[in-house]
Amino acid sequence: MLNISSIEKDSTTNSQTAGLLEAAHKHVLFTVNRPDVIMASGEGMLLLDTEDKTYLDFIGGWAVTALGHSPAVLQQALARQAATLVHASPGFYNKPQIEFSKLLTTISGMDKVFFTSTGAEANESAIKLARKHGALHLNGAFEIITLTNSFHGRSLAMMSATGKPQWKNLFAPKVDGFIHVPINDIDACFAAVTNNTCAIMIELVQGEGGVHEVSEAYLYAIRKMCDMYGIILIVDEVQTGLGRTGKLFAYEHYGIKPDIMTLGKGIGGGFPLSAMLTTEAYDLFQPGDQGGTYTGQPLAMAAGLAVVQEILDRDLAANADLQGRHLKQSLNELANTFPITEVRGKGLLIAFDLPEGMAPSLAALCMEKGLLINASNASTIRLMPPLIVEQTHIHQLIGILKEAMEQLFMNVG
């Protein structure tokens, strides 16, 4: 059963909420279409707004709240570390940084880790390291092959790396050196490799792109190609890493190992944190090449250490696999009644398609009914709930989806 008894309800009145929304419209820079809702608190799978309305969250902060909202282990870790040391300098080691580095390298099979705050920063670090490799070992090679429909972040370089067609001319001139090829087309990838290529960068499941997976044969061929030409294989696991796909890392589904892996989103359970990991062979940076004011900051390290240890202790990757299978089965059953097609994904990164243009309408209607889902484009719904999700929550999701689709498609008809 869902339990919201321990959520502290906000006492803000309707008029106070209206005032807050007025202030938000006036002072918050517009970057995204947001509903006129102010989230106030959360616990587990639930969010509560300032009007005391409860939402079952199957967005999970865009795959961020791996342990659900306001998990006790994160609260405790932040409180302990805040009372000890919040920040010293990136020029010094700190204890939680060392402990977290040891844990991540041990569970990933990598050797070295660099910490940042966002997925885009982690991917920038990977790009810089790959180009350093190109400068040192590939006669100055600097080009990086990425996939169409991919997403790697919103910094200028990562928007250039991203394969979203609507970004092609945005903020021109773009950062040079990124070549885009279609997913699962090994011939196109092979043809794109030149003497200027230093790396291939891929998401194993394209989250923002609509939850499309690379095939095992395709990834195996890319790994062989990288080995053959001395090219770095970068796997962007910002969305898929740390249990999301039913294994601790998505690359484990394929039987290969990347040269560089990036992590973000769920790594901090809601605290801004990301990481780039690599092997000893690519420990190439010199002082001044890479850094940042908040890299390896003690508070972030304590948060990440607590979150990742909890994912391991509770074997939440296994739960993601189990619940993901149940979720896909339930959606396929729903497809017998409604125009749902191509239920896909791994673990708790799931998507399905609807008739063109219907996904945003379904997401909006579900929100009215207390369910948060994501329309990643006009025809695709993406589900990425916290890794703690249970069958009870999935049954409630399916019930609300059924009610919303009955209403939506009845109106369409």
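What follows is calculated from the coordinates using simple rules that are stated; it is not laboratory data. Please read all numbers here as calculations on a predicted model, not as lab measurements. Cβ: placed from backbone, ideal geometry, glycine included. Neighbour counts: every protein chain shown.
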### Query
So what's the gap between the Cα centers of segment 309-371 and segment 262-281, to the nearest angstrom?
25
### Task
Using only alpha carbon pairs under 8 Å that are at least six residues apart, calculate the relative contact order of segment 72-313 and give it in whole percent.
30
### Message
What number results when the radius of gyration of segment 231-385, computed over Cα atoms, is divided by 2.2 N^0.38 Å?
### Response
1.24
### Query
Nearest-5 percent of antiparallel DSSP beta bridges in the chain?
60
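Cut-off is 10 Å between beta-carbons; in what order do Ile234, Ile388 appear when sorted fewest neighbours first? Present the calculation step by step, with values, prior to reporting the outcome.
On the way: Ile234 28, Ile388 23.
The order, fewest Cβ neighbours first, is Ile388, Ile234.
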### Query
In bins 10 Å wide, starting from 0, what share of all Cα pairs of the chain does each bin hold, as a percent?
5, 21, 30, 27, 13, 3, 0
### Query
What is the Rg over Rh value, at two decimals, for segment 183-312, using alpha-carbon atoms and the Kirkwood definition of Rh?
0.99
### Summary
When the chain is treated as a Gaussian network with springs between alpha carbons less than 10 Å apart, the largest mean-square fluctuation among Gly61, Gly109, Gly296 is found at Gly109
### Message
Taking the beta-carbon count within 10 Å as an exposure proxy, list Met367, Met384, Met201 from fewest neighbours to most.
### Response
Met367, Met201, Met384
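What's the exposure ranking of Cys226, Cys198, going from fewest to most Cβ atoms within 10 Å?
Numbers: Cys226 20, Cys198 26.
The order, fewest Cβ neighbours first, is Cys226, Cys198.
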### Task
Compare the Cα positions of Gln297, Ile267, Leu348 along the charge dipole of the chain (+1 at Cβ of Lys, Arg; -1 at Cβ of Asp, Glu; about the Cα centre) and return the one farthest towards the positive end.
Gln297
### Query
For the Cα atoms of the chain, what angle does the longest principal axis make with the long axis of helix 119-137, in degrees from 0 to 90, nearest 10?
10
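Could you list, in their original order, any pairs among Lys257/Lys369; Lys346/Lys369; Lys26/Lys95; Lys26/Lys369; Lys112/Lys174 whose Cα atoms are separated by more than 32 Å? Don't skip to the end; give the middle numbers.
Values: Lys257/Lys369 43 Å; Lys346/Lys369 27 Å; Lys26/Lys95 43 Å; Lys26/Lys369 28 Å; Lys112/Lys174 30 Å.
Listed pairs above 32 Å: Lys257/Lys369; Lys26/Lys95.
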### Highest-MSF residue in the chain out of Pro360, Pro287, Pro258 [GNM, Cα springs under 10 Å]
Pro287
## Note on the structure
The helix 95-108 Cα axis meets the longest alpha-carbon principal axis of the chain at an angle in degrees, between 0 and 90 and rounded to 10, of 80
## Note on the structure
In a Gaussian network model of the chain with springs linking alpha carbons closer than 10 Å, the residue among Arg80, Arg131, Arg34 that fluctuates most is Arg34
### Summary
As a Kirkwood estimate from alpha-carbon pairs, segment 72-313 has a hydrodynamic radius in angstrom of 18.2
### Task
Enter the angle in degrees (range 0 to 90, nearest 10) between the Cα long axis of helix 14-27 and the first principal axis of the Cα atoms of the chain, meaning the one along which they spread out most.
30
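What number, in percent, do you get for the relative contact order of the chain if the mean sequence gap of Cα pairs under 8 Å and at least 6 apart is divided by its residue count?
After rounding, I find 21 percent.
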